[in-house]
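S.K.: Quick one: the structure is below, and I'll ask about it shortly.
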Amino acid sequence: MNTNQELGVSTEQAETMANAFFEQIEPKVRKGRAWTFHRLNAACDTPNAERL
């Protein structure tokens with residue numbers, strides 16, 4: 001018996017709840033400039049640089 005069955009929810013319900021949870025905590029994707037290696041490297045290495 002898996003954890004989902006012990007909790008009384010189906011696998012589909014568990015997946016739906018997990019997806020809803022992660023959609024709420026993840027920041028919304030904003031369209032913008034493409035990440036190049038140079039830009040990503042600079043953003044990672046520079047304190048208070050643009051957010052990733």
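What follows draws every value from the coordinates through simple rules; no lab data is involved. All of these numbers come straight from a predicted model, not from anything done at the bench. Glycine gets a Cβ as well: all are built from the backbone with ideal geometry, and neighbour counts include every protein chain shown.
S.K.: Need the full-extension length gain, GLN24 to ALA42, defined as separation in residues times 0.36 nm minus the C-alpha distance. One decimal, nm. Write out the running numbers ahead of the final one.
M.R.: Values: separation 18, 0.36 × 18 = 6.48 nm, distance 2.86 nm.
Working it through step by step, the gained length comes to 3.6 nm.
S.K.: May I ask you to evaluate 6.51 cos²θ - 1.76 cosθ + 1.60, the Karplus curve with θ = phi - 60°, for each residue of segment 13-24 and list the ³J(HN,Hα) values in order in whole Hz, giving x for glycine and proline?
M.R.: Ordered by residue, 3J(HN,Hα) equals 5, 5, 5, 4, 5, 5, 4, 4, 4, 5, 5, 6 Hz.
S.K.: So if each residue of separation counts as 0.36 nm, and I subtract the Cα-Cα distance between MET17 and ARG51, what length gain in nm does that give?
M.R.: On the way: separation 34, 0.36 × 34 = 12.24 nm, distance 2.81 nm.
Length gained between MET17 and ARG51: 9.4 nm.
S.K.: Using packing as a proxy for protection, rank 19-30, 39-50 so that the peptide with the highest average count of other Cβ atoms within 10 Å comes first.
M.R.: Numbers: 19-30: 7.5, 39-50: 9.8.
Taking the mean over residues of other Cβ atoms within 10 Å, the ranking is 39-50, 19-30.
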